[in-house]
Amino acid sequence: MKLYSVRPKTCGGTVAGLSLGSCLSELKAKVHAFCVCADPNFLYDYVQCLLDELQAGVNSRDIVNIQNAIGLGYARNTTEELKFIKEVAEATGVILDHVYSGKAAYVMMKDMAENPSKWEGKKILFIHTGGLLGLFDKAEQMASMVGNWRKMDIHK
């Protein structure tokens, strides 16, 4: 068994870590990632650089499937994406952010609906990577769809 140490990285570090961990374990599950900030080829290359730094000896394209989830652009959302975030929160109590997890979950669920045979019989673990505070910037854009929700004012 090999142990790896790597300095903290952003943008792809989670994808690289989960993919390599799965590859090295008995699980051998292929990780599916959703790229929300650039073209998937950029993320494949970035993950490959991280894997090469670790001298992991694997190709990023062999251990992860990266799908495009950029939509309108980084931190820019369609009404459908924001509606999805709201519906998930109402139905489950899980709050997704509009930059990362919300876009990724939206594209994943859309792909599951459009390509059911691809996902049929699979066990799915969606990892929520945070980013919740960014939703404050979307309060006005989401106001018409949240009904009795309201922005809380906190006075000192």
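The residues in segment 97-110 that are touching a helix residue (DSSP H, G or I) at 6+ places or on another chain (Cβ under 8 Å) and at pLDDT below 90 can be counted, and the count is 3. Contact map, segment 112-128: first residue closer than 28 Å to Ala16 by Cβ, second residue hydroxyl-bearing (Ser, Thr, Tyr), Cβ cut-off under 9 Å, separation 6 or more or different chains; pairs are Phe126/Ser101; Ile127/Thr14; Ile127/Ser101; His128/Tyr100; His128/Ser101. Consider segment 12-26 and keep the residues that are loosely packed, with under 15 Cβ neighbours inside 10 Å and assigned to a loop (DSSP other than H, G, I, E, B). The one that is modelled with the highest pLDDT is Ser25.
Filtered by the rule that a residue be closer than 14 Å to Phe34 by Cα and in a helix (DSSP H, G or I), segment 100-125 gives Ser101, Gly102, Lys103, Ala104, Ala105, Tyr106, Val107, Met108, Met109, Lys110, Asp111, Met112.
Taking the stated definitions as given, is Asp97 buried (at least 16 other Cβ atoms within 10 Å of the Cβ) and in a loop (DSSP other than H, G, I, E, B)? Yes. The condition of being touching a His at 6+ places or on another chain (Cβ under 9 Å), surrounded by 15 or more Cβ atoms within 10 Å (Cβ to Cβ) and closer than 21 Å to Ala29 by Cα holds for only one of Ile85, Ile66, that being Ile66.
Here is a yes/no grid of residues against (1) under 12 Å from the mean Cα position of the chain (by Cα); (2) closer than 19 Å to Asn115 by Cα; (3) assigned to a helix (DSSP H, G or I):
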residue	(1), (2), (3)
Lys28	no, no, no
Ala33	yes, yes, no
Phe42	no, no, yes
Val58	no, no, no
Asp62	no, no, yes
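No other residue among Lys138, Lys122 is within 24 Å of Ser25 (Cβ to Cβ), at pLDDT below 90 and not aliphatic (A, V, I, L, M) apart from Lys122.
The values are calculated or read from the model by the stated rules, or taken from the named source; none is laboratory data. Treat the numbers as computed from the prediction; the structure is a model and nothing was measured. Neighbour counts are summed over all protein chains in view; Cβ atoms, including those assigned to glycine, are modelled from backbone coordinates with ideal geometry.
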